[in-house]
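Report on one structure; see the data block that follows.
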Protein chains: 2
Amino acid sequence: MTEPTARPTRAQQRRLTEDRILTAARQLFAELGYDRTTIRAVASAAGVDAGLVMHYFGSKDLLFARATETADDLGEIGPGGATEALLTSLGQRLTDEPEASLAVLRSMLTNADAADRYRTAAQPQLDQLTNAIPAPDAALRASLLSAIIHGVLAERYLLRLTTLADASPDQIITLLRPCFESLTTTPPDHPA
Amino acid sequence: MTEPTARPTRAQQRRLTEDRILTAARQLFAELGYDRTTIRAVASAAGVDAGLVMHYFGSKDLLFARATETADDLGEIGPGGATEALLTSLGQRLTDEPEASLAVLRSMLTNADAADRYRTAAQPQLDQLTNAIPAPDAALRASLLSAIIHGVLAERYLLRLTTLADASPDQIITLLRPCFESLTTTPPDHPA
């Protein structure tokens, strides 16, 4: 029988601590970018020792990789469902500040290694999106959609441009829907 | 009578030197961002003394302002001509690497002052675009268009994402046209 106040197991405890470190890392990478974020500052924000961060993650580079692995998550894209998958993912990121995405955006413009790592990490998501677009130039369309989403997130959260920062997720999604539809589908009079 | 090999006047000479400094400044701000660009490095790249840069421009902040003042230039927007003005401006910036825009993009994510200065400098262009869009949410539409353009330029030139970096300006413009049209005009069945 489980005790009512069962202590977390060692593995559970480690996962909780890792999560706390990853949350702190995402916030600092998003705010300061890759170069100015130190393991020491992450450890301090998470309330742990810097040695423990190194023990759990190995290096700043690997910590960045783990902290940002959900940055461009689109979930499963059903057939013909690229627009909805993109708008759902964007809607979530316009509702709750997407620290992982912001960590990537702030870091990849200031650190070449972070940019390389991001390019590699984002490729499967881009490929998945490309495969969901029935057009010969699908890869370019997927890249443009990704660029548009990143531009909107950067100006809403990192630059806090007033109009974009104040708009509701619904307003933004409604305005972007036709734009996304035009990029994910080929008009019927233009054969794919 | 003017001599056949007339020397430039002092004013002409100063303008030529200023242009050389501004070109060097745009390149360095675009490559390194605001924080890591020094007056000394700009002077050296332009082949002049650092004191001269200070004498002509006053401070790094003012040099950045002058170097980036053309970043978002849209020219005149005729009535109903927002889409064409945006696509023409974007087409030019996809053809010739737009150092002023890149200097702004790289800098504004890493330096709060550069971001503030950019917000102020870009407002007249955003207002002009807003006024050219016949819709009640014109300001938000203008901000989204600006965010989209910045996203595309950042991923083509700063991150050099392969598909976007390799695409021709025409391909990109053709794909973005319906997207821009949907943002600059209100569909006829939705009253403005």
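How many residues, within the stretch B:35-61, are assigned to a helix (DSSP H, G or I) and closer than 14 Å to B:ALA103 by Cα?
5
Restricting attention to the stretch B:3-16, does a residue exist that is of a type in the set (Ser, Thr, Tyr), under 25 Å from B:LEU144 (Cα atoms) and modelled with pLDDT under 90?
no
Restricted to the stretch B:90-117, and to residues that are in contact with a helix residue (DSSP H, G or I) (Cβ under 8 Å, 6 or more places away or on another chain) and of a type in the set (Asp, Glu), which residue is farthest from B:GLU76 (Cα to Cα)?
The residue in question is B:ASP113.
In the stretch B:152-169, which residues are touching a Leu at 6+ places or on another chain (Cβ under 9 Å) and loosely packed, with under 15 Cβ neighbours inside 10 Å?
Step one: filter the stretch B:152-169 for residues touching a Leu at 6+ places or on another chain (Cβ under 9 Å), giving B:152-159, B:161, B:163-169.
Correct list: B:ALA165, B:ASP166, B:SER168.
When the residues of the stretch A:66-86 are filtered to those that are within 14 Å of the chain's Cα centre (by Cα) and modelled with pLDDT of 90 or more, which remaining residue is surrounded by the fewest Cβ atoms within 10 Å (Cβ to Cβ)?
A:ARG66
Among the numbered criteria (1) crowded, with 16+ Cβ neighbours inside 10 Å; (2) closer than 20 Å to A:ALA142 by Cα; (3) at pLDDT 90 or above, which single criterion is violated by A:PHE29?
So the condition that A:PHE29 fails would be (2).
Search the stretch B:124-136 for residues being out of contact with any Lys or Arg (no Cβ under 9 Å at 6 or more places or on another chain) and surrounded by 19 or more Cβ atoms within 10 Å (Cβ to Cβ), and hand back the single one that is farthest from the other protein chains (Cβ to nearest Cβ).
Of everything passing the filter in the stretch B:124-136, B:ALA132 is farthest from the other protein chains (Cβ to nearest Cβ).
Quick check on the stretch A:91-123: of everything there that is out of contact with any Phe, Trp or Tyr (no Cβ under 7 Å at 6 or more places or on another chain) and outside any helix (DSSP H, G or I), which residue is nearest to the other protein chains (Cβ to nearest Cβ)?
A:LEU109
Among the numbered criteria (1) away from chain B (no Cβ under 12 Å); (2) within 14 Å of B:CYS179 (Cβ to Cβ), which one does A:CYS179 miss?
Among (1) away from chain B (no Cβ under 12 Å); (2) within 14 Å of B:CYS179 (Cβ to Cβ), the lone unmet condition for A:CYS179 is (1).
Taking the stretch A:154-173 on its own, how many of its residues are at the interface with chain B (Cβ under 10 Å from one of its Cβ atoms), in a helix (DSSP H, G or I) and within 12 Å of B:LEU144 (Cα to Cα)?
The qualifying residues number 9.
So is A:ALA142 under 25 Å from B:ALA165 (Cβ atoms) and assigned to a helix (DSSP H, G or I) or not?
The answer is yes for A:ALA142.
Could you check the stretch B:138-153 and list, in sequence order, the residues that are farther than 11 Å from A:VAL152 by Cα and more than 7 Å from chain A (Cβ to nearest Cβ)?
B:ALA138, B:ALA142, B:LEU153
Residue by residue through the stretch A:40-65, note down the ones that are within 17 Å of the chain's Cα centre (by Cα) and either over 26 Å from A:GLN123 (Cβ atoms) or crowded, with 18+ Cβ neighbours inside 10 Å (or both). It would help to see each step written out before you state the result.
Applying the first criterion (within 17 Å of the chain's Cα centre (by Cα)) to the stretch A:40-65 yields A:61-65.
A:LEU63, A:PHE64, listed by residue number.
For the stretch A:118-163, enumerate the residues that are of a type outside the set (A, V, I, L, M) and in contact with a helix residue (DSSP H, G or I) (Cβ under 6 Å, 6 or more places away or on another chain). Give the derivation first.
The first filter runs over the stretch A:118-163 and keeps only residues of a type outside the set (A, V, I, L, M), leaving A:118-120, A:123-125, A:127-128, A:130-131, A:134, A:136-137, A:141, A:143, A:146, A:150-151, A:155-157, A:160, A:162-163.
Across the stretch A:118-163, the qualifying residues are A:TYR118, A:THR130, A:ARG141, A:SER143, A:HIS150, A:GLY151, A:GLU155, A:ARG156, A:TYR157, A:THR163.
The values are calculated or read from the model by the stated rules, or taken from the named source; none is laboratory data. Predicted model only: the values in this text are computed from it and were never measured. Ideal geometry is used to build each Cβ from the backbone, glycine not excepted, and the neighbour counts take in all protein chains shown.
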